[in-house]
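Report on one structure; see the data block that follows.
The values are calculated or read from the model by the stated rules, or taken from the named source; none is laboratory data. Please read these numbers as outputs of a predicted model, since none were measured by experiment. Because the Cβ atoms are built from the backbone with ideal geometry, glycine has one as well, and the counts that use them run over all protein chains shown.
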């Protein structure tokens, strides 16, 4: 009963971007579409009742989502030295699919790099460094403990309604570079997340030509990534640590899946 008493006055912050046709997403993945397949009145029951339903078409890396460890390979191998060609088929991955991601319910730390620089949004193409992350940690007065979640605040959620800018067509996207990725691994992060389509520093004009942070986290370290998070409200509240509930759809064999992360803040 004590658990419910603690949660009774807690504030819950939704960290997912709304999914709708035409929303910003990577051109490397199938476009999201939602259409009403049956409308009210198409079929009416004898008591006058009716129902509507829809068809949803989406890739696993569209909207707020979690990357499975099998999403990225390097030189033909995924995490654990497993040969990628031996675990994939038209049915999906036989190893490291998103269904193997255990639901995460635990402490998360927000490292707000915008606060370090005194801005609402980091500049397009800005590379987040270990110095930025350490400064954000010190500013928040929190410690990082192994096996927990770490989110990086770049303010990029504010650009959601400007698709060309959000996807990096206008000057790139701010995000962690390889050194920052190694810093996260060195601090024992079990899962990491950010506000951009790719949890990467994307320079102007480069697009997703290379994804070294994905290689370091997914392939080398076995750290799952949450992308396209909406951190605006969380940043505004200035709460650096909270309970994170993270449970992607368990689509068997998928390389990623949509998720609706929830931050539970103590009263």
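The numbered conditions (1) under 21 Å from residue 97 (Cα atoms); (2) touching a helix residue (DSSP H, G or I) at 6+ places or on another chain (Cβ under 8 Å) are all true for residue 195 except (1). The number of residues in segment 167-200 being touching a residue at least 24 places away in the same chain (Cβ under 8 Å) and outside any loop (DSSP other than H, G, I, E, B) comes to 14.
Take residue 19 and tell me if it is touching a strand residue (DSSP E or B) at 6+ places or on another chain (Cβ under 8 Å), part of a loop (DSSP other than H, G, I, E, B), closer than 30 Å to residue 165 by Cα and in contact (Cβ under 8 Å) with a residue 60 or more places away in the chain. Don't jump to the end; show me each part of the working.
Values: touching a strand residue (DSSP E or B) at 6+ places or on another chain (Cβ under 8 Å): yes; part of a loop (DSSP other than H, G, I, E, B): yes; closer than 30 Å to residue 165 by Cα: yes; in contact (Cβ under 8 Å) with a residue 60 or more places away in the chain: yes.
Yes; evaluated as a whole, the condition is true for this residue.
In segment 209-227 there is at least one residue matching the filter, namely being assigned to a loop (DSSP other than H, G, I, E, B), in contact (Cβ under 8 Å) with a residue 40 or more places away in the chain and at positive phi.
Taken over segment 114-156, the criterion of being assigned to a loop (DSSP other than H, G, I, E, B), within 23 Å of residue 16 (Cβ to Cβ) and more than 19 Å from the chain's Cα centre (by Cα) is satisfied by 120 alone. When residue 80 is tested against (1) touching a strand residue (DSSP E or B) at 6+ places or on another chain (Cβ under 6 Å); (2) in a loop (DSSP other than H, G, I, E, B), just one condition goes unmet, and that condition is (1). A count restricted to segment 59-77 and to residues that are assigned to a strand (DSSP E or B) and under 14 Å from residue 225 (Cα atoms) stands at 3.
For segment 88-108, taking the residues that are in a loop (DSSP other than H, G, I, E, B) and in contact (Cβ under 8 Å) with a residue 24 or more places away in the chain, the one that is surrounded by the fewest Cβ atoms within 10 Å (Cβ to Cβ) is identified as 91. How many residues are out of contact with any strand residue (DSSP E or B) (no Cβ under 8 Å at 6 or more places or on another chain), crowded, with 17+ Cβ neighbours inside 10 Å and closer than 18 Å to residue 212 by Cα if we restrict to segment 128-178? Here the count works out to 1.
To keep it simple, each residue is scored yes or no on (1) part of a loop (DSSP other than H, G, I, E, B); (2) crowded, with 23+ Cβ neighbours inside 10 Å; (3) over 16 Å from the mean Cα position of the chain (by Cα); (4) modelled with pLDDT of 95 or more.
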| residue | (1), (2), (3), (4) |
| --- | --- |
| 205 | yes, no, yes, no |
| 234 | no, yes, no, yes |
| 248 | yes, yes, no, yes |
| 252 | yes, no, yes, yes |
| 260 | yes, no, no, yes |
| 264 | no, no, yes, yes |
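For segment 31-58, the set of residues classified as part of a loop (DSSP other than H, G, I, E, B) and exposed (fewer than 13 other Cβ atoms within 10 Å of the Cβ) consists of 39, 40, 41, 42, 43, 45, 46, 47, 48, 49, 51, 52, listed by residue number.
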